[in-house]
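S.K.: This is the structure I want to talk about, given as structure tokens.
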Amino acid sequence: SQQGEEDPQALSIQEGENATMNCSYKTSINNLQWYRQNSGRGLVHLILIRSNEREKHSGRLRVTLDTSKKSSSLLITASRAADTASYFCATHGSSNTGKLIFGQGTTLQVKP
Amino acid sequence: GAGVSQTPSNKVTEKGKYVELRCDPISGHTALYWYRQSLGQGPEFLIYFQGTGAADDSGLPNDRFFAVRPEGSVSTLKIQRTERGDSAVYLCASSLNNILNTEAFFGQGTRLTVV
């Protein structure tokens, strides 16, 4: 079963705009990660935020985590056409063996 | 190798046949994951290895699916009596160790088509 749910399912913006994607999850977590996937094949890790962190930055990426609401957001600033991809959140539960559970993803299209 | 390698990249098989999908993780990574992904969906967890043992196989859909990792490195996902519903991209990932705060590195996947 999936742990996370991303919102929106699809997002289309113009190059230079910011893109915000949200993720909600159901159980307690150790950490939450965001991944990117091009063309339905391998996923690439973007950023990891631990359960005791509230915000994290990496280049044009900003991730927030609200454990009280069981939600996270990924902000991509100054988007580029090359950011077009699917984005997934994934969680390591606090009580599991270490398995990483993914959400359904947000498909982002950045128009040049 | 530099990354996670999965072979074959594509596999077409007839309904009822047996298939094996191989994953070579990054050298030194003790954790290995298998996922299945259908079009437009997120990766669906199948099984997770820590070393040679399956730490969690709760995602395997039924007893037609089985995975091994006999020496704690290469893993093989085995599907018996394939069905058309098994068609999907099968993704493998590895991570450094069993500490939960580590990222997973993915292979490019094997696209399985059952006809």
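S.K.: Might you check whether a residue that is buried (at least 22 other Cβ atoms within 10 Å of the Cβ), part of a strand (DSSP E or B) and not polar (S, T, N, Q) occurs anywhere in the range B:49-57?
M.R.: Yes; the residues of the range B:49-57 include at least one that is buried (at least 22 other Cβ atoms within 10 Å of the Cβ), part of a strand (DSSP E or B) and not polar (S, T, N, Q).
S.K.: For B:D63, work out the one condition from (1) at pLDDT 90 or above; (2) in contact with a strand residue (DSSP E or B) (Cβ under 9 Å, 6 or more places away or on another chain) it doesn't fulfil.
M.R.: Answer for B:D63: the failing condition is (2).
S.K.: Another one. For residues that are more than 8 Å from chain A (Cβ to nearest Cβ) and farther than 13 Å from B:L77 by Cα, scanning just the range B:33-55, find the one that is farthest from the chain's Cα centre (by Cα).
M.R.: Once the filter is applied, the top-ranked residue is B:G40.
S.K.: Out of the range A:60-79, which residues are charged (D, E, K, R) and over 14 Å from the mean Cα position of the chain (by Cα)?
M.R.: A:K69
S.K.: Which ones in the range A:31-46 are part of a strand (DSSP E or B) and surrounded by fewer than 18 Cβ atoms within 10 Å (Cβ to Cβ)?
M.R.: Across the range A:31-46, the qualifying residues are A:V44, A:H45.
S.K.: On the basis of being polar (S, T, N, Q), out of contact with any helix residue (DSSP H, G or I) (no Cβ under 7 Å at 6 or more places or on another chain) and closer than 27 Å to A:W34 by Cα, does B:T13 make the cut?
M.R.: Taking the combined requirement at face value, the residue does not satisfy it.
S.K.: I would also like to ask the following. Considering only the range B:5-37, state which residues are hydrophobic (A, V, I, L, M, F, W, C) and surrounded by fewer than 23 Cβ atoms within 10 Å (Cβ to Cβ).
M.R.: If the condition is that a residue be hydrophobic (A, V, I, L, M, F, W, C) and surrounded by fewer than 23 Cβ atoms within 10 Å (Cβ to Cβ), then B:V12, B:V19, B:L21, B:I26 are the ones that fit.
S.K.: Being touching a residue at least 24 places away in the same chain (Cβ under 8 Å), polar (S, T, N, Q), within 30 Å of A:A10 (Cβ to Cβ) and in contact with a strand residue (DSSP E or B) (Cβ under 7 Å, 6 or more places away or on another chain) is the requirement here; does B:S95 meet it?
M.R.: Yes; evaluated as a whole, the condition is true for this residue.
S.K.: Hey, among A:S58, A:S51, which residue is within 14 Å of another protein chain (Cβ to nearest Cβ) and more than 16 Å from A:H92 (Cα to Cα)?
M.R.: A:S58
S.K.: Go over the candidates A:A90, A:A85 one by one and state the one that is surrounded by 17 or more Cβ atoms within 10 Å (Cβ to Cβ) and within 11 Å of chain B (Cβ to nearest Cβ).
M.R.: Step by step, each of A:A90, A:A85 is checked, and only A:A90 is surrounded by 17 or more Cβ atoms within 10 Å (Cβ to Cβ) and within 11 Å of chain B (Cβ to nearest Cβ).
S.K.: Also, I was wondering about something else. Give just the number: which of (1) assigned to a strand (DSSP E or B); (2) within 12 Å of chain A (Cβ to nearest Cβ) does B:R22 not satisfy?
M.R.: Only one criterion is unmet by B:R22, namely (2).
S.K.: Among the numbered criteria (1) closer than 30 Å to A:A10 by Cα; (2) surrounded by 13 or more Cβ atoms within 10 Å (Cβ to Cβ); (3) not acidic (D, E), which single criterion is violated by B:G40?
M.R.: Failing condition for B:G40: (2).
S.K.: Consider B:L77 against the criteria (1) in a loop (DSSP other than H, G, I, E, B); (2) in contact with a Cys (Cβ under 8 Å, 6 or more places away or on another chain): it satisfies all of them except one. Which criterion is unmet?
M.R.: With (1) in a loop (DSSP other than H, G, I, E, B); (2) in contact with a Cys (Cβ under 8 Å, 6 or more places away or on another chain) applied to B:L77, the lone miss is (1).
S.K.: Also, I was wondering about something else. Please state which one of B:S75, B:S94, B:S58, B:S87 is touching a Pro at 6+ places or on another chain (Cβ under 6 Å) and either over 20 Å from B:G3 (Cβ atoms) or more than 10 Å from chain A (Cβ to nearest Cβ) (or both).
M.R.: It is B:S94.
The values are calculated or read from the model by the stated rules, or taken from the named source; none is laboratory data. This structure is a prediction, so every number in the text was calculated from the model and none was measured. Every residue, glycine as well, gets a Cβ built from its backbone with ideal geometry; the counts of neighbours run over all protein chains shown.
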